[in-house]
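Structure in structure tokens, see below.
The values are calculated or read from the model by the stated rules, or taken from the named source; none is laboratory data. All values derive from a computational prediction rather than experimental measurement. Here the Cβ positions follow ideal geometry from the backbone for every residue, glycine too, while neighbour counts run over all protein chains shown. These accessible areas exclude ligands, DNA and RNA; they are computed on the full protein's heavy atoms, side chains included. Shrake-Rupley method; radii C 1.70, N 1.55, O 1.52, S 1.80 Å.
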Amino acid sequence: MGERVIKWGILGTGLIASAFAKDLAFAKNTEKTAVGSRTKESAAEFAEEHGVSRAYGSYEELVQDSDVDAIYVATPHPFHMENVLACLRAGKAVLCEKPFTINSGELEEIIQFARDQKLFLMEAMWTRFLPSIVKVREWIDSGEIGEVLLVKADFGYRAQWDPEWRLLNPALGGGALLDVGIYPVTFASMIFGTNPEKIQSTAHIGETGVDEQFSILMSYPSGKTATLNGAFRVDLNNEAYIHGTEGSIRIPSFFSARSATLYKDGEEVETFNDDRQCAGYAFEIEEVGRCLSQGLLESPVVPLDESLAIMKLMDEIRGQWGLKYPFE
Ligand SMILES: NC(=O)c1ccc[n+]([C@@H]2O[C@H](COP(=O)([O-])OP(=O)(O)OC[C@H]3O[C@@H](n4cnc5c(N)ncnc54)[C@H](OP(=O)(O)O)[C@@H]3O)[C@@H](O)[C@H]2O)c1
């Protein structure tokens, strides 16, 4: 069965919206149909730069464009719920940036609405579709490293110090857990599932009132563990390691993985390199096209219940730190 051409709308014109628009050119069966921004100027500039056919000076005009099939939501996290609901009310399929929402209560609401309306909805957890991560899952499933017992994953970098910026601003859902921490939490969940027996965590809450650094230890049945770190004030090595009874896997820059290496008895056995030309978002874009062509309402790779379970884990972790956002 041939795949449909998906006419994309982009909601928001920030950093990740630009990266996504560039990657649309690498994804099969796509058209850059429209962009919506809070201002006409920004929409027009974005459309010009990325070759998008129509530019709207409001999100509402974008969602009402009857030619648009699917909308990519690329606003700061506190606006995801409202923006996703606007898209769904207009009957659009939606791919929403991570984290899907601020908390699991918001996510339950949009999942229920999408299911009631029988509309496609997916979190833009692009890492899950990267060829190196697909390869890693094949190695694990085929028993290459035996029984997996221990996972380590870090994501952190020295962010520019600007209390108004969305990374540090509580009003814009700032904090390392929701921004970078979701990657290691999702990674551990991909390997061990979303039901740890115990979560222990600690965070440094900085002067703006959001977490600037955290460490998490998740314990699973049979003594399996995942240690996960995230930070905004220091550079971490951003690697992930998966250790099994028969071998190990190392993934440099795991959230945007371009390679993965399999080790046995401490020796390198195989290194997988992907030769992609795109930044890495084209794979999730193609997943949406595949799902829509097959009439699926959610992705089997990033199912809604899994996104929800991961959001509940992050609620629990934030709860351990007493971190609530002003609008919660
Ligand atoms: N998958 C990834 O690799 C990745 C990477 C970075 C970020 N993200 C996620 O993508 C989302 C956006 O991040 P970003 O780095 O692109 O943010 P950004 O550069 O600040 O852009 C966010 C855009 O959202 C719109 N917006 C609506 N209300 C806003 C408000 N009150 N304040 C600021 N912007 C507002 C703006 O677009 P208009 O002015 O056009 O309306 C703005 O350009 C976040 O949820 C983040 O977690 C994902």
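In region 198-213, what residues are more than 19 Å from V151 (Cβ to Cβ), part of a strand (DSSP E or B) and in contact with an Asp or Glu (Cβ under 8 Å, 6 or more places away or on another chain)?
A203, H204, I205
Considering each of A17, A47 in turn, give the residue that is within 12 Å of the ligand (Cβ to nearest atom) and open to solvent by 10 Å² or more (accessible area, probe 1.4 Å).
A47
What tally of residues in region 221-231 results from selecting those that are farther than 26 Å from D162 by Cβ and either over 21 Å from the mean Cα position of the chain (by Cα) or buried (at least 19 other Cβ atoms within 10 Å of the Cβ) (or both)?
Looking only at that region, the number is 6.
Please go through (1) in the same structural domain as M314 (by TED's automatic domain parsing); (2) touching a strand residue (DSSP E or B) at 6+ places or on another chain (Cβ under 7 Å) for M190 and return the number of the only condition it doesn't satisfy.
For M190, the failing item is (2).
Scan region 78-101 for residues that are within 12 Å of the ligand (Cβ to nearest atom) and within 24 Å of R290 (Cβ to Cβ) and jot them down.
H80, N83, V84, L95, C96, E97, K98, P99, F100 - these are the residues of region 78-101 that are within 12 Å of the ligand (Cβ to nearest atom) and within 24 Å of R290 (Cβ to Cβ).
Give me the residue from region 30-44 that is open to solvent by less than 60 Å² (accessible area, probe 1.4 Å) and more than 12 Å from the ligand (Cβ to nearest atom) and, out of that set, farthest from V63 (Cα to Cα).
Filtering first and then ranking leaves T30.
Take region 182-220 and flag every residue that is under 21 Å from I249 (Cα atoms) and surrounded by fewer than 17 Cβ atoms within 10 Å (Cβ to Cβ).
G193, L217, S219
Further question on the same structure: Those residues that are among the hydrophobic types (A, V, I, L, M, F, W, C) and surrounded by fewer than 23 Cβ atoms within 10 Å (Cβ to Cβ), I need them from region 232-241; list them, please.
Within region 232-241, V234, L236 meet the criteria.
Quick check on my filter: what residues within region 52-72 are more than 10 Å from the ligand (Cβ to nearest atom), open to solvent by 30 Å² or more (accessible area, probe 1.4 Å) and touching a residue at least 24 places away in the same chain (Cβ under 8 Å)?
E60, E61, Q64, D67, D69
Okay, residues lined up against (1) open to solvent by 10 Å² or more (accessible area, probe 1.4 Å); (2) hydrophobic (A, V, I, L, M, F, W, C):
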residue: L88; (1), (2): no, yes
residue: K98; (1), (2): yes, no
residue: T101; (1), (2): no, no
residue: L119; (1), (2): yes, yes
residue: A124; (1), (2): no, yes
residue: L130; (1), (2): no, yes
residue: E138; (1), (2): yes, no
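A follow-up question, please. May I ask you to say which residue of T261, T245 is away from the ligand (no atom under 16 Å from the Cβ) and open to solvent by 20 Å² or more (accessible area, probe 1.4 Å)?
The unique qualifying residue is T245.
Select from region 158-181 the residues that are out of contact with any helix residue (DSSP H, G or I) (no Cβ under 7 Å at 6 or more places or on another chain) and among the hydrophobic types (A, V, I, L, M, F, W, C) and write down the one among them that is surrounded by the fewest Cβ atoms within 10 Å (Cβ to Cβ).
Here the residue is W161.
Looking at T75, is it within 8 Å of the ligand (Cβ to nearest atom), crowded, with 21+ Cβ neighbours inside 10 Å, touching a residue at least 60 places away in the same chain (Cβ under 8 Å) and of a type outside the set (A, V, I, L, M, F, W, C)?
For T75, the condition - within 8 Å of the ligand (Cβ to nearest atom), crowded, with 21+ Cβ neighbours inside 10 Å, touching a residue at least 60 places away in the same chain (Cβ under 8 Å) and of a type outside the set (A, V, I, L, M, F, W, C) - is met.
Let me ask something additional. Looking only at residues in region 301-316 that are touching an Asp or Glu at 6+ places or on another chain (Cβ under 9 Å) and not charged (D, E, K, R), which one is nearest to A171 (Cα to Cα)?
M311
Which residues, taken from region 160-184, are away from the ligand (no atom under 13 Å from the Cβ) and either assigned to a loop (DSSP other than H, G, I, E, B) or polar (S, T, N, Q) (or both)?
Result: W161, P163.
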